[in-house]
Number of protein chains: 2
Amino acid sequence: MNPLSFEPLTPLSFLDRAAATHGKRVAVVDGEQRWTYEDLHDRCQRLAGALVPLAAGRPVAILAPNTHVMLEAHFGVPWAGVPLVGVNTRLSVDEVRYILEHSESSVLVHDPQFDELVAAAVDGMADPPLIVRAGPGDGGSYEALLDRATPAAITPSNESALLSINYTSGTTGRPKGVMYAHRGAYLQSLAMLVHTQMSPASSYLWTLPMFHCNGWSFPWAVTAATARHVCLHKVDAADAWRLIDEEEVTHLCGAPAVLTMLLDSPDARRTARDRPITFATGGAPPSPTILATANALNLEVIHVYGATETYAGAILCDWQPEWNDLPADRRAALRARQGVPNVVTTAARVVGPDGHDVPADGETMGEIRLRGNTVMLGYFNDPEATAAAAPDGWYRSGDLGVLHPDGYIELRDRSKDVIISGGENITSVEVEQVIASHPAVLDVAVVGAPDDRWGEVPVAYVVVRPGGTVSEAELIEHVKARLARFKAPKRVTFGELPRTSTGKIQKVQLREREWAGRQHHIA
Amino acid sequence: MNPLSFEPLTPLSFLDRAAATHGKRVAVVDGEQRWTYEDLHDRCQRLAGALVPLAAGRPVAILAPNTHVMLEAHFGVPWAGVPLVGVNTRLSVDEVRYILEHSESSVLVHDPQFDELVAAAVDGMADPPLIVRAGPGDGGSYEALLDRATPAAITPSNESALLSINYTSGTTGRPKGVMYAHRGAYLQSLAMLVHTQMSPASSYLWTLPMFHCNGWSFPWAVTAATARHVCLHKVDAADAWRLIDEEEVTHLCGAPAVLTMLLDSPDARRTARDRPITFATGGAPPSPTILATANALNLEVIHVYGATETYAGAILCDWQPEWNDLPADRRAALRARQGVPNVVTTAARVVGPDGHDVPADGETMGEIRLRGNTVMLGYFNDPEATAAAAPDGWYRSGDLGVLHPDGYIELRDRSKDVIISGGENITSVEVEQVIASHPAVLDVAVVGAPDDRWGEVPVAYVVVRPGGTVSEAELIEHVKARLARFKAPKRVTFGELPRTSTGKIQKVQLREREWAGRQHHIA
């Protein structure tokens, strides 16, 4: 590479720039506290300085809601020269422990509201992480840590270096650690900036958890825009609407369940601004009802699609201005499509069972596959799973869709193993394994069922072992004790399972039963 | 690099994406002709296919105004696997020949309006390029070339590969070939997209010549936005205002002289649109008068700064929303500053004579230096000049400026050797050398003088050789016969030159004389 012009791409550079160029402007609002971009830069470099000796070259995990600490970790941890592991706060003790162990995290930064979860998770670990309590109720220990630290900023000489590890349920039982690179996150941040049209005048409300795919790269994208981060510790509609007013929020992201919660709130009100508020949503397509309500409240919905393995929004329903003249129902149908590669995604394909691209007829189904700089580096310490995820360089989403004549992809059936409930991925296999571990259970199948609030919820079909007895409530509790509570089935149906002639469970029949009379659960 | 996720960055990918995702939308308007993104993609790949055997691995030069041919060359030439050399159409025969020879161009694509210039330039060349006439009046030969070609698209395996060569006057006599990389142009395109907030609904009017720094990367940036390119063969205010209406133009770029011409036109009219039209300008700061008029006509001015060596707009006066509340004169003063690094520029410094950064006091002068992926690869076939331009990895602009306390750079004195007239760079040294070649001239100094229309114009101070005689008109003609006409001095003053005690010409005194009673020619 030419030393005259080659600089490794890293999203950390966006904070350097923001501090140097917009240093006196408000970067972060968290309750009554506010910090400028100069402040944020200094705090993140202090966090880095504090972590360098503690982390000793190993990953730093964080378990926190969308506080300023969580945001600071997205710069401070990589500036300590180690990857960030954002842990889903809704996971069970076992799941948290598994992630801490598998990632070999040296330090766990956590919000005090998770004291008990953390204590239970690290209890008995062979090599437990150092614990740093940080956030409301920490008695000032986080601030003391920053105060005493010498600022540091270790940047990668190789832009493909590991920036973060995001654990996903994937398609088999145990979480897999999706590895993000500095280069990928830099480019994805620019893509989010381009497609959501953020600017220095923008204000971003943190309704999307930062532990989800690093908040879809918005910790970096909002900073690249030199816009304002507005923290939100808990998604509460009244709080959100108050902040939308007070902090002049222009952009937010979240699952359709969050959008619905906002729109259905008694506090929902149309802003008097010229430009609509932009809400980027993913995980499930926004319904025509949601879109109509959003439109009435001067919210514009951007529909994105992707996986943890593709830095979240690898494709999006890029809106064509000519569509504005179409009737509302046609607009809603177009907006529900997952769409096309974003500006930095190299390509998306829909590949049929024969290994060839399906025709662009809007009918023939195939698997959605993605390629580009925003495909993960791989799964942490799992070369086998990495090779399976992209055997030929194309990431295989497992999701089935069609390609429309205009080049837009539409999902028709999500990967059989993944249920998306309120924006959270649930792997049917992991729930099945836990239910099967109950002594009274002979066989089990878990599928997604429609739910007005959460989009989908898991439901279980169970064959009881001869002589065994178990109740629906018992089985649900059995799962809740072992996995994140949202993964527990909402209903359990007892009886025989439909099978093929070779004895394989026909989940498709169970799904059809659940979705009878509803529109297809994806489209 | 990881094969799973590494794809070489190239701005050519933006056209692949536009064709695949917005293929049926209008990409290019050129007079009565329009092409969709699918058309443009096909035409550019056909141009590439036609050029592969003709170019034989050597650069392809183009001499054309802002026609669809010029735009297509920005994709078709690099897709032929060779660099694009955009030649300034206002250069002299000698200059054009020098560039063709120095760049070792194998093919010259030219608009028929330059038949004579091209014939004269290649006359007698040892290794003349193949000539391809393309554009209005070519009798259909360009279309025939495309029709018969097999589409090709050679993309670089190394993103630092050479994309284009842009000749600049630089600071010594002969033009130097500034080398752009695929990676740099990709990132600069995204930066332009981010800061000008283009979208699929945007429409870009081609007032800025594409031969200037590849049109500031807008051939690629507009395509990345899947916006509309509106060609303009000649900057005519009536045409421009007509197209602003008819094609719903939202964005354009150009020197302040172009902006002034538009604003002063009897056809100037305020658009009735919600969002202002964005005009990005550089080369000289927009005056308070220009800004007030622009504002009244619902035009928003973005002030960018850079050099050919930094892909044009490496820094920009990134507007802070809080400034909107300031009085107009204060806003104008802020807008006249050159500003801060764009979102992909790594850093800008102002370095004093002692080699250290000047204090951010808005007073201490230093040289502006830039670093990042959008600094050139170097000068083509000129390692010595390359090393001089960035001996320590920082590109030395030669321009003097101050750093304000808020981190914004303001130019105070442009590089002594460069006069910017109507957006064109003129090197005083090259004009001096030509004047000195006249037998009656003993010594000469050329400086920039203020001009209401062009910003600056070159003027000459000449010492006549004892016994020699020459008139002002003769010397002006002498220059026009050898250099581009706009480089000829507008006035010649005869007499002694002010000198230091060591005999060095004190150009600063000449400049002060020219600018007496005017505000400083930069600020």
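Side notes on the structure shown:
- Among the residues listed as B:Thr374, B:Thr427, B:Thr345, B:Thr386, the single one being among the polar types (S, T, N, Q) and more than 14 Å from every other protein chain (Cβ to nearest Cβ): B:Thr427
- Consider region A:322-355 and keep the residues that are small (Gly, Ala, Ser) and out of contact with any helix residue (DSSP H, G or I) (no Cβ under 9 Å at 6 or more places or on another chain). The one that is surrounded by the most Cβ atoms within 10 Å (Cβ to Cβ) is A:Gly352.
- Residue list for region A:79-99, filter: over 17 Å from A:Glu116 (Cα atoms) and touching a Lys or Arg at 6+ places or on another chain (Cβ under 8 Å): A:Val82
- From the options B:Ala185, B:Ala144, B:Ala152, residue that is part of a loop (DSSP other than H, G, I, E, B), out of contact with any His (no Cβ under 9 Å at 6 or more places or on another chain) and modelled with pLDDT of 95 or more: B:Ala152
- Residue match in region B:106-114 (condition: within 14 Å of another protein chain (Cβ to nearest Cβ), touching a Leu at 6+ places or on another chain (Cβ under 8 Å) and surrounded by 15 or more Cβ atoms within 10 Å (Cβ to Cβ)): no
- The residues of region B:23-36 that are in contact (Cβ under 8 Å) with a residue 60 or more places away in the chain, surrounded by fewer than 24 Cβ atoms within 10 Å (Cβ to Cβ) and not β-branched (Val, Ile, Thr), listed by number, are B:Arg25, B:Asp30, B:Gly31.
- Residue tally, condition of a type in the set (D, E, K, R), within 12 Å of chain B (Cβ to nearest Cβ) and touching a residue at least 24 places away in the same chain (Cβ under 8 Å), over region A:318-342: 2
- Filtered by the rule that a residue be β-branched (Val, Ile, Thr) and touching a residue at least 60 places away in the same chain (Cβ under 8 Å), region A:92-118 gives a lone residue, A:Ile99.
- If you go through region A:221-275 and keep only what is charged (D, E, K, R) and within 14 Å of another protein chain (Cβ to nearest Cβ), you end up with A:Arg228, A:Glu247, A:Glu248, A:Arg273, A:Asp274, A:Arg275.
- Any hit, region B:486-508, residues being surrounded by fewer than 15 Cβ atoms within 10 Å (Cβ to Cβ) and aliphatic (A, V, I, L, M): yes
- Conditions (1) closer than 21 Å to B:His212 by Cβ; (2) among the aromatic types (Phe, Trp, Tyr); (3) out of contact with any His (no Cβ under 9 Å at 6 or more places or on another chain); number of the one not met by B:Phe380: (3)
Okay, residues lined up against (1) in the same structural domain as B:Trp216 (by TED's automatic domain parsing); (2) assigned to a loop (DSSP other than H, G, I, E, B); (3) under 26 Å from B:Ser164 (Cβ atoms); (4) in contact with an Asp or Glu (Cβ under 7 Å, 6 or more places away or on another chain):
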residue: B:Met376; (1), (2), (3), (4): no, yes, yes, yes
residue: B:Asn381; (1), (2), (3), (4): no, yes, yes, no
residue: B:Glu384; (1), (2), (3), (4): no, no, yes, no
residue: B:Ala387; (1), (2), (3), (4): no, no, yes, no
residue: B:Gly393; (1), (2), (3), (4): no, yes, yes, no
residue: B:Arg396; (1), (2), (3), (4): no, no, yes, yes
residue: B:Val402; (1), (2), (3), (4): no, no, no, yes
residue: B:Gly407; (1), (2), (3), (4): no, yes, no, no
residue: B:Glu410; (1), (2), (3), (4): no, no, no, no
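- Residue satisfying all of: in region B:356-371; closer than 24 Å to A:Pro8 by Cα and buried (at least 17 other Cβ atoms within 10 Å of the Cβ); farthest from the other protein chains (Cβ to nearest Cβ) among these: B:Ile368
- Hits in region A:389-403 - residues which are surrounded by 17 or more Cβ atoms within 10 Å (Cβ to Cβ) and within 12 Å of chain B (Cβ to nearest Cβ): A:Ala389, A:Ala390, A:Trp394, A:Tyr395, A:Arg396, A:Leu403
The values are calculated or read from the model by the stated rules, or taken from the named source; none is laboratory data. Everything numeric in this text was worked out from a predicted model, so none of it was measured. So basically every Cβ, Gly included, is an ideal-geometry build from the backbone, and we count neighbours across all protein chains shown.
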